[in-house]
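The structure appears right after this line, and notes come after that.
What follows draws every value from the coordinates through simple rules; no lab data is involved. These figures come from a predicted structure and were not determined experimentally. With ideal geometry, Cβ positions are generated from the backbone for all residues, glycine too; neighbour counts draw on all protein chains shown.
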Amino acid sequence: MQVYISVDMEGVAGVVHGDQCRRGTAEFDDACALMTEEANAAALGAFDAGATAVLVNDSHGDMRNLVFDRLDPRVSVLSGSLKPYSMAEGLQEERHDLALFVGYHGGAGTRDAILDHTYRGVVVYEVRVDGRPLNEAGLNALVAGSRGTPVGLVTGDATTCAQCRALLGELVTVEVKWAVGRASARTLHPVRARELIRAGARSAVEQRARWRPFSLPRLGLEVDLVHTAIADAVAIIPGVVRTAARTVAYDARDVDDLFRALLTIVRLGGTVV
Ligand SMILES: [Zn+2]
């Protein structure tokens, strides 16, 4: 039984500020260790439930955050960037029995969610598919769902967990902190968070027959950009239509096409910020 884990940093217990998530700061190595331990806790929970293979995708920043010596030797890791499918890399390759999203955060514009953003905060104001605002969990779940892989677990702050339940339907969530503001929270002790994540992952994998692959009826992508200059830049992408001063739209033929268009917008948009 194959389990896939995508792990981000902003939703990890003990992380509340962007400085912790940025390479080169005094706090960064500690945050990498916290992130690694939560990924490992989810992997251990999956193994507890009978997983025979666990693939961990390092999904934050330059995607070289995981501390290998702290990971169970049974896992394999997708490390480094660029990866064509970024936080969802590997989900496009094959069907997994279940996907787990660990350390995730709220979509751009979410109140009381630690470090809310969608893929790139300085570029993206909001992403909608079929008219629905999607956070990163929703977007990555679309890639998983296109291959028949359901998402069974999301961990992060309480607001993010609620947002993902509303978006993805029934699944296990583990709340590890409660935001006071965008960069302040009441957080569980990381050791307690790991215990809950291990138990949550185990439960999600044991119940894997219950979770349904995520899909949306129509794959119309709309992206609100932060500035008009970003819209100027991304409007030249083939197939992209500018529908408002700061908004572009793209009619995707399938999930791969949609996800590639989104990442192209994010990366090209990032060259003018
Ligand atoms: Zn991140």
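Among Val241, Val248, a tally of other beta-carbon atoms within 10 Å of each Cβ gives an order, fewest to most, of Val241, Val248. Between the C-alpha center of region 231-273 and that of region 135-190 there is a gap of 25 Å.
Electrostatic tally near Gly181: other residues with Cβ closer than 10 Å to its Cβ, Lys and Arg +1, Asp and Glu -1, net +1. Considering only beta bridges that DSSP places wholly inside the chain, some 45 percent are antiparallel.
Kirkwood radius and radius of gyration were both taken over the C-alpha atoms of region 220-272, and their ratio Rg/Rh is 0.93. Relative to the Cα centre, the charge distribution of the chain, modelled as +1 at Lys and Arg Cβ and -1 at Asp and Glu Cβ, gives a dipole magnitude of about 360 debye.
Towards the positive end of the charge dipole of region 14-85, with charges on Cβ (+1 Lys, Arg; -1 Asp, Glu), say which of Ala53, His17, Met35 has the farthest Cα. Farthest along the dipole direction, towards plus: Ala53. Using Cβ point charges alone (K and R +1, D and E -1), the dipole size of region 168-263 about the Cα centre works out to roughly 540 debye.
Of the beta bridges in region 138-200, as assigned by DSSP with both residues counted there, near 45 percent are antiparallel.
Count charges around Asp30 for me, please; just the other residues with Cβ under 14 Å from its Cβ, Lys/Arg as +1, Asp/Glu as -1. Its environment carries a net charge of -2. Between Arg64 and Ala245, the simple spin-label model (points 7 angstrom out along Cα→Cβ) gives 4.1 nm. To the nearest ten degrees, helix 190-206 and the longest principal axis of the Cα atoms of the chain are 80 degrees apart.
Label zone (Asp29, point 7 Å along Cα-to-C-beta; backbone nitrogen cut-off 12 Å) within region 43-79: none. Taking the fewest neighbouring Cβ atoms within 10 Å as the starting point, the ordered list for Met1, Met87 is Met1, Met87.
Basic side chains Lys and Arg get +1 at the Cβ, acidic Asp and Glu get -1 at the Cβ, and with that the dipole of region 220-272 about its Cα centre reaches some 160 debye. Diagonalising the gyration tensor over the Cα atoms of region 42-166 and scaling each eigenvalue by 5 before taking the square root yields semi-axes of 24, 16, 15 Å, largest first. The fraction of Cα-Cα pairs per 5 angstrom bin, counted from 0 for region 7-65, comes to 4, 21, 28, 21, 13, 8, 5, 1 percent, rounded to whole percents.
Could you tally the net charge around Ala252, taking each other residue with its Cβ under 12 Å from the Cβ of Ala252, Lys/Arg +1 and Asp/Glu -1? Summing Lys and Arg as +1 and Asp and Glu as -1 gives -3.
Entry note: the chain has Rg to Rh equal to 0.95, where both radii use alpha-carbon atoms and Rh is the Kirkwood radius.
Placing a label point 7 Å from the Cα of Asp130 along the Cα-to-Cβ direction, the residues of region 163-191 whose backbone N falls under 14 Å from that point are 167-169.
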